[in-house]
Each structure stands twice: as structure tokens, then as C-alpha cells.
Amino acid sequence: RDLTSGLLEPREVDKEIFTKLFEGFDAKGYPLVQNAGDLENRKAGWDLTFSAPKSVSVLWSLLPKEQGAEIRAAHEAAVKAACAYMEDHAAWTRRGKLGTTFAKAKLVVGLFEHGTSRAGDPQLHTHALFLNVVVREDGSTGSLYGRDFYRHKMAAGALYRVELASQLQKRLGLEIQQVSRWFEVRGVDAGLIQHWSKRRKEIETALYECGYSSPRAAEKAALATRHTKIHVAREKLFDEWAEVGERMGW
């Protein structure tokens, strides 16, 4: 019996099957992990968000469709490179008596691309939902050993940024400049970047008002100031962004 149901190969996410995998079952309802269905005591997965630098999102929102598609393809390639890194270095599962034996495994990951921030600004990013179900080399399944996953997630983010920069240089010949731990595309108008950074302003304002500045405080401020997501057709957004760009001299 094939427990993987072909899910090791890239395919469009099926909502029903993905929900079952999220709960620890296969497409037919067969448990893939020991505590399948225990939503209170079992961790269902991890969401790593890979977000393009703001200058990249600004370009993606304003360039002609063909060039915008290249930016999106570069982002997708970088996300997949980061996921491959996690599979190479952090995909382990325990087996045997008391779980003392470690085995290498394949990951099950759902990629969900979004194009806006919660404030409606252009923000190309992908939620990579790593499910707490892995497939061993012999076809058996188990839970993901989380410790190495946490150890490598920051490195995966760095690899995403490096690969994205490389892809943008190869595909469009863009010039990259390093900014702290990330990069920006040289020549993108600073006024547009600032105009489309409303979420960052909201978080910075919240931090200023509470008097904190740590990364942990920034995470709490981001949660406290979150807007309810509103779906707007992407074509409509591109039209609106084009109007803003033209108004600001793009």
C-alpha cells in the first residue's frame, strides 16, 4: 500500500487531502503518525514565511507582466531551494523502541503564495507549511523531529535571500546591494518603498509606544496590530498599484 499517495511529487494542493495530512492521516484516513487526530497535544506543523525584500515587491508590482513573472519565478525558485535545504539538513524522524533511533526522511510541504501585506501593500511572500508528517526511505511514515528543524530555520531564510538575489541577477540583470542581513535592489525609489511599508510603520509605532525594541517584542507587536485579511483579486491590485506608481513618478 502506498502511504505517500504521490505527495512526494510537486502537485497542486488538494484542500481535503491537505487537511487530513495536517491532522496526521493519509488521503484515505489511515493514521500516518502515532497520535494522529490529537489536535490538542500534537503539533500539526510549522509555518516558515519567506518574504521578498520590499524593493523586490515594489518592482514586482509595477513592472510589465513578463518581467513581473520573472520576479515571481525567482522568488519561487528561492523558496524551493530553502525547502530543499531543510529537507537535506533537518528532516529527521525517530523510530524504534523509545524512539532512540534516528532516520532520514522526506518532508511534506504546502506552499501558499501571497502578494500583499495585511495593510494591502505589495509584499510577495510564501508560507511554507511543513507538516508534522515525514516519509522514511522504506516508505513508512512518522513525525518530524523538531529540534533540528528549529536549528536550521534561520539558515533556510538566509539561503532564500541569497538564492533570490542570485536569481534576480541572472533573470533580469538587477543590481543588488546588501542591507544588514538582507538585500535591496539598487535604484528602486525610496519614496515608493516607504509608501508601501505601512505594516512596518504600524509595528514600529507599537514598539515605540510600549518602549521595547527586541525581536520578541516585535513579534508581539506584529500580532497585536494585525489586520483581518481581505481578499482582493490580484489583477485589481496591480491596477491600483500602477496608479500609485504613476502618481509618485514611476
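Quick note: the coordinates plus some simple rules give every number you see, no bench work behind them. None of the values given here were measured: they were computed from a predicted structure. Note: ideal-geometry Cβ built from the backbone for every residue, glycine included; neighbour counts use all protein chains shown.
Annotation: amide H of G45 within the under-5 Å range of N132, sequence separation 5 or more or interchain, hydrogens built in the peptide plane. Can you work out the FRET efficiency for the pair N41 and V162, with r the C-beta to C-beta distance and R0 = 35 Å, to the nearest 0.05? Once rounded, the FRET efficiency stands at 0.40. Taking amide H as placed 1.01 Å from N in the peptide plane, V108 has its amide H under 5 Å from the amide H of L131, V133, each at least 5 places away in sequence or on another chain. Sequentially through region 12-24, phi angles give Karplus couplings (6.51, -1.76, 1.60; θ = phi - 60°) of 5, 5, 9, 4, 5, 5, 5, 4, 5, 4, 4, 8, x Hz, Gly and Pro residues having no value and appearing as x. For D26, the residues whose modelled amide H falls within less than 5 Å of its own, excluding neighbours fewer than 5 places apart on the same chain, are L32.
In a fully extended conformation the segment linking A73 and K153 would gain 26.6 nm over its present Cα-Cα distance, using 0.36 nm per residue. Note on R11 and Q169: the extension gain reaches 54.1 nm, defined as 0.36 nm multiplied by sequence separation minus the Cα-Cα distance. Taking region 156-186 and a reference point 7 angstrom along Cα→Cβ of W250, no backbone N atom is nearer than 12 Å. Between H127 and R94, the distance separating the two model label sites (each 7 Å from Cα on the Cα→Cβ line) works out to 2.9 nm. Relative contact order of region 81-205, taken over Cα pairs closer than 8 Å and 6 or more residues apart, is 23 percent.
Highest mean packing first, where packing is the average number of other Cβ atoms within 10 Å per residue, the peptides 36-44, 188-196, 164-172 line up as 164-172, 188-196, 36-44. Derived scalar couplings between HN and Hα for region 100-106 equal 8, 9, 9, 10, 6, 8, 9 Hz in order, rounded to whole Hz, by the Karplus curve 6.51 cos²θ - 1.76 cosθ + 1.60 (θ = phi - 60°), x for Gly and Pro. The distance between label points at L237 and A84 comes to 2.7 nm (points 7 Å beyond Cα on the Cα→Cβ vector).
Taking θ as phi - 60° and the Karplus parameters 6.51, -1.76 and 1.60, the scalar couplings of region 27-38 work out to 4, 9, x, 7, x, 9, 9, 5, 10, 4, x, 7 Hz in sequence order, x denoting glycine and proline.
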